[in-house]
Amino acid sequence: MEALAGSRIYFPCIKPPTMKHNFGRQQRVMITRASIAVEQKTPQSKVALVRIGTRGRISTFSSKLHDHCQVLQSYDSPLALAQAYETRSKLIAAHEELAEEGAIEIVIIKTTGDKILTQPLADIGGKGLFTKEIDEALLNNDIDIAVHSMKDVPTYLPDKIVLPCNLEREDVRDAFISTTATSLADLPAGSVVGTASLRRKSQLLHKYPSLEVLDNFRGNVQTRLKKLNEGLVQATLLALAGLKRLNMTENVSSVLSIDDMLPAVAQGAIGIACLNHDEKMANYLASLNHEETRLAVACERAFLETLDGSCRTPIAGYACRDENGDCFFRGIVASTDGKKVIETSRRGSYAFDDMVAMGRDAGKELLSKAGPGFFDPR
């Protein structure tokens with residue numbers, strides 16, 4: 001394992017954008033509706049072989065169509081549902097018996113993070129806000145597997161729950177979206193950027209101290225784009241992975257490089273959990289696992305665990321395979337105002353034990369460099 005020095009590092013594992021959309025144009029962003037109809041199971045529906053749990057909020061409303069009243073359900077976490085359907089599609093492709101109608105059921109579970117939208121995540125408990133209720137459903141056998149955005153998953157898992165599967169990782173970079181500028185550098189001094197992420201806030205202010213940050217900019221992708229269109233902020237930053245999964249990359253003004261904005265630990269990765277004694281589900285998930293992603297996420301989460309990171313601490317970390325097949329890892333911790341950023345990097349074998357050790361070692365180094373009080377709540 002090799003420690004690396006230097007303030008700017010080229011990431012050989014990040015390819016240039018290949019999307020066909022015209023990044024950089026200035027326009028009003030397009031907003032896909034956040035509500036979708038959720039299928040209602042009838043009493044005659046067959047028992048599902050796999051029940052997939054995912055987060056979200058559902059509200060019931062009436063709609064009059066052709067003089068008939070219908071009861072529909074509105075779902076306002078479309079990204080979580082998209083990830084659940086991606087999992088469903090991969091299961092069906094890998095297992096013929098799951099292709100039958102009703103063989104897979106998607107169960108939507110309201111989490112604490114979905115219930116409380118008016119406060120910063122750090123003020124209502126940090127990590128676990130989007131997973132606790134889903135874990136409980138898994139332990140109560142209300143679902144068979146749980147689909148998570150890995151960056152929402154705490155570094156500890158409840159007893160009897162394992163996370164043996166990561167789907168292949170999407171693009172880890174952050175997207176810049178604005179109706180008036182094509183990049184962060186184009187924003188005039190005093191412009192307001194909306195984000196709910198302290199990681200993004202600290203790195204943004206470190207490089208662009210003349211900008212202002214509205215740091216309780218919460219809601220799903222559609223809600224944030226609506227706030228941007230209404231002029232509440234001049235720009236926002238969102239994970240490119242989520243925009244791709246929602247087919248909403250037409251809104252992207254530009255894509256930030258890894259050097260300019262190091263991603264959150266496990267950003268772009270989907271994790272799927274099951275009970276540790278459920279061999280049937282474990283076998284299903286084994287067929288979906290993308291090992292390169294699983295190892296990278298394990299390295300990053302070892303780094304985060306060593307730092308005991310929460311939503312109150314700006315932490316970023318990213319591991320990938322370099323051109324020689326080795327693991328390259330870079331991590332940072334920062335003050336929330338962006339005035340102090342401490343970073344480190346490692347290179348070593350792309351193997352589970354070595355990569356976990358690499359992440360832990362990097363975390364210990366930054367703990368030592370940061371010193372007492374750096375991670376205390378501010």
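The values are calculated or read from the model by the stated rules, or taken from the named source; none is laboratory data. On a predicted model such as this, the values are computed, not experimentally measured, just so you know. Note that we place each Cβ from the backbone using ideal geometry, even for glycine, and neighbour counts take in every protein chain shown. All accessible areas refer to the heavy atoms of the entire protein, side chains included, with ligands and DNA or RNA removed. Shrake-Rupley method; radii C 1.70, N 1.55, O 1.52, S 1.80 Å.
Ranked by the mean number of other Cβ atoms within 10 Å of their residues, highest first, the peptides 197-205, 136-144 come out as 197-205, 136-144. Overall, the ratio between the Cα radius of gyration of region 264-368 and 2.2 N^0.38 Å, rounded to two decimals, is 1.17.
Averaged per residue, region 290-371 has 38 square angstrom of accessible surface, using a 1.4 angstrom probe with ligands and nucleic acids left out. Under the simplified labelling scheme, the Asn283-Leu139 pair shows an inter-label distance of 2.8 nm, with each label point 7 Å from Cα along Cα→Cβ.
With contacts taken as Cα pairs under 8 Å and at least 6 residues apart, region 290-371 reaches a relative contact order of 34 percent. The charge dipole of region 174-255, taken about the Cα centre with unit charges on the Cβ atoms of Lys, Arg (+1) and Asp, Glu (-1), comes to about 320 debye, rounded to the nearest 20.
Calculated FRET efficiency, Val192 to Arg347, Cβ-Cβ distance, R0 = 45 Å: about 0.70 to the nearest 0.05. How much of the accessible area of region 174-255, in percent, comes from carbon and sulfur atoms when a 1.4 Å probe is used? Result for region 174-255: 49 percent of the exposed heavy-atom area is carbon or sulfur.
With the highest mean first, a sort of the peptides 93-102, 236-245 on other beta-carbon atoms found within 10 angstrom per residue produces 236-245, 93-102. Rounded to the nearest 20 debye, the dipole size of region 290-371 about its Cα centre is 400 debye, using +1 on the Cβ of Lys and Arg and -1 on the Cβ of Asp and Glu. Extending 7 Å from the Cα toward the beta-carbon at both Thr223 and Ile161 defines two label points whose distance is 2.2 nm. Would you work out which of Cys320, Ala298, Gly338 lies farthest towards the positive end of the dipole of region 293-346, given +1 charges on the beta-carbon of Lys and Arg and -1 on that of Asp and Glu, about the Cα centre? The one lying farthest along the dipole's positive direction is Gly338.
When the charge dipole of region 174-255 is built from unit charges on Cβ atoms (+1 for Lys and Arg, -1 for Asp and Glu) and taken about the Cα centre, the candidate among Pro209, Leu243, Gly190 whose Cα reaches farthest toward its positive end is Leu243. For region 174-255, the relative contact order comes to 47 percent (Cα pairs under 8 Å, sequence separation of at least 6).
Cα-based radius of gyration for region 174-255, normalised by 2.2 N^0.38 Å, reads 0.98. Annotation for Ile92 and Ser183: the two label points, set 7 Å from Cα along the Cα-Cβ direction, are 4.2 nm apart. Using the 1.4 Å probe convention, the accessible area of region 174-255 works out to 33 Å² per residue with neighbouring protein chains retained. Per atom type, region 290-371 shows carbon and sulfur on 41% of its accessible surface, probed at 1.4 Å. Each residue of region 347-352 was assigned a 3J(HN,Hα) from its phi angle through the Karplus curve 6.51 cos²θ - 1.76 cosθ + 1.60 (θ = phi - 60°); the sequence is 9, x, 5, 8, 9, 3 Hz, with glycine and proline shown as x. Applying the criteria of a DSSP loop state and at most 12 other Cβ atoms within 10 Å to the GluC sites (Glu not before Pro) of region 219-282 yields Glu230.
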